[in-house]
Amino acid sequence: MPIYVYWGEDDFAMEKAVATLRDRILDPLWISFNYTILSPDQPDAAIAGLNQVMTPAFGAGGRLVWLVNSTLCQHCPENILAELTRTLSVIPDNSWLLLTSRNKPDERIKSTKLLKKCASEFREFSLIPPWKTELLVQSVNQVAETVGVKLTSRGAELLAEAVGNDTRLLYNEMEKLRLYTTNTTKPLDIDTITQLVRNTTQNSLQLAAAIRMGDTPKALSILADLINAAEPGLRIVATLIGQFRTWLLVKIAMENGERNPQAIAQVAEINNPKRIYFLQQEVKLLSLEQLICCLPLLLQLEVSLKQGSPEVSALQTKVIEICQVCQVRRHSQG
């Protein structure tokens, strides 16, 4: 059936999918007649959209009705559910209904079950967790292939470090690199990427490493760079929580006497067992107790930011506090 449901936090990837769908369905000459966008603040947007999608397309091409930021998969009143049930199965072949939302559909409610059953595409656009570096590198390589940029393995890693899970930034930087390499077929060298791509100097994983070392001045400097680069505080915290959680799981496995990298990788939810050696070296000088102490502090930081605490001071205070936790054993050893 000509029904599409898109949701997720990766706004840019979703926008690209919507643009692809729009270009495939609509004839440019008839777009003003056949393209309807309805936002949730418009009165009876859902009912209006269902009425519109039942109207045959004018002229060439098809009709596309887009319900932006729809809440039909989170909350659906009975009258709208009845209209959905009546309409979805009889939408004309040349009309398409698109629902988009940042929020995950509630699969327990009737409207979601109905849309999932009827939709041609029921698709999530999720952001890659910032600490899943292998998936970030994979994403960089996929976009490079799509855009037409040749990268070395180290070049892809450098780009992944620079842009994190920001898909929009990744495409913007990749397009810049494509324009730069128009007259060459060689893979881009590291120096060129470093000069052209913004944010290559500091990222949240480097912040995590500085905190782990208990290097407060360096950690605060990296944090300042991230804030100046407009990196959202909650995204920084999400990366720190993921990284410290990984270190904690690796340390627990080590303390339990596990030596098999594959087994440790499974416990720590890491796809590439070759990373385990490096992770073991990273947590070597930290005790299990220190790592256990760090996570609650990071979770407190996440809660305080979500409750509206001043971002910069909250981040700085907790970074200093966690650095002090990581310094304890080093000082006693010294």
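The values are calculated or read from the model by the stated rules, or taken from the named source; none is laboratory data. Every value quoted in this text rests on a predicted model; they were computed, and no experiment measured them. All Cβ positions, glycine included, derive from the backbone under ideal geometry; neighbour counts span all protein chains shown. Areas reflect the complete protein model, heavy atoms only, side chains present, ligands, DNA and RNA absent. Shrake-Rupley method; radii C 1.70, N 1.55, O 1.52, S 1.80 Å.
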*Does residue 231 count as modelled with pLDDT under 90 and open to solvent by less than 50 Å² (accessible area, probe 1.4 Å)?*
yes
*Pick from the range 36-48 the residues that are within 29 Å of the chain's Cα centre (by Cα) and touching a residue at least 12 places away in the same chain (Cβ under 8 Å): which of them is surrounded by the fewest Cβ atoms within 10 Å (Cβ to Cβ)?*
39
*Taking the range 257-313 only, how many residues are among the basic types (Lys, Arg), closer than 21 Å to residue 136 by Cβ and either open to solvent by less than 80 Å² (accessible area, probe 1.4 Å) or at pLDDT 90 or above (or both)?*
1
_Looking only at the range 53-70, count every residue that is under 34 Å from the mean Cα position of the chain (by Cα) and surrounded by fewer than 16 Cβ atoms within 10 Å (Cβ to Cβ) and tell me the total._
1
*Looking only at residues in the range 146-176 that are more than 21 Å from residue 10 (Cβ to Cβ) and of a type in the set (A, V, I, L, M), which one is most open to solvent (accessible area, probe 1.4 Å)?*
151
*(1) surrounded by fewer than 22 Cβ atoms within 10 Å (Cβ to Cβ); (2) in contact (Cβ under 8 Å) with a residue 40 or more places away in the chain: which one isn't true of residue 194, the others all being true?*
(2)
*Is it true that some residue in the range 74-88 is touching a Ser or Thr at 6+ places or on another chain (Cβ under 9 Å), assigned to a loop (DSSP other than H, G, I, E, B) and surrounded by 15 or more Cβ atoms within 10 Å (Cβ to Cβ)?*
yes
*Qualifying positions in the range 148-174 - of a type in the set (Gly, Ala, Ser) and not in a loop (DSSP other than H, G, I, E, B)*: 153, 155, 156, 160, 162
*Which members of the range 56-91 meet the condition of being of a type outside the set (Gly, Ala, Ser), modelled with pLDDT of 90 or more and under 20 Å from residue 30 (Cα atoms)?*
58, 63, 64, 65, 66, 67, 91
*Considering (1) of a type in the set (A, V, I, L, M); (2) modelled with pLDDT of 90 or more; (3) within 26 Å of residue 15 (Cα to Cα), say which one residue 209 fails and leave the rest.*
(3)
*the range 283-311 residues that are over 19 Å from residue 207 (Cβ atoms) and part of a helix (DSSP H, G or I), paired with ones that are among the charged types (D, E, K, R) and open to solvent by 20 Å² or more (accessible area, probe 1.4 Å) (beta carbon under 7 Å, 6 or more apart)*: 288/255
*Sort through 207, 177 and tell me the only one that's farther than 22 Å from residue 291 by Cβ, more than 17 Å from the chain's Cα centre (by Cα) and part of a helix (DSSP H, G or I).*
177
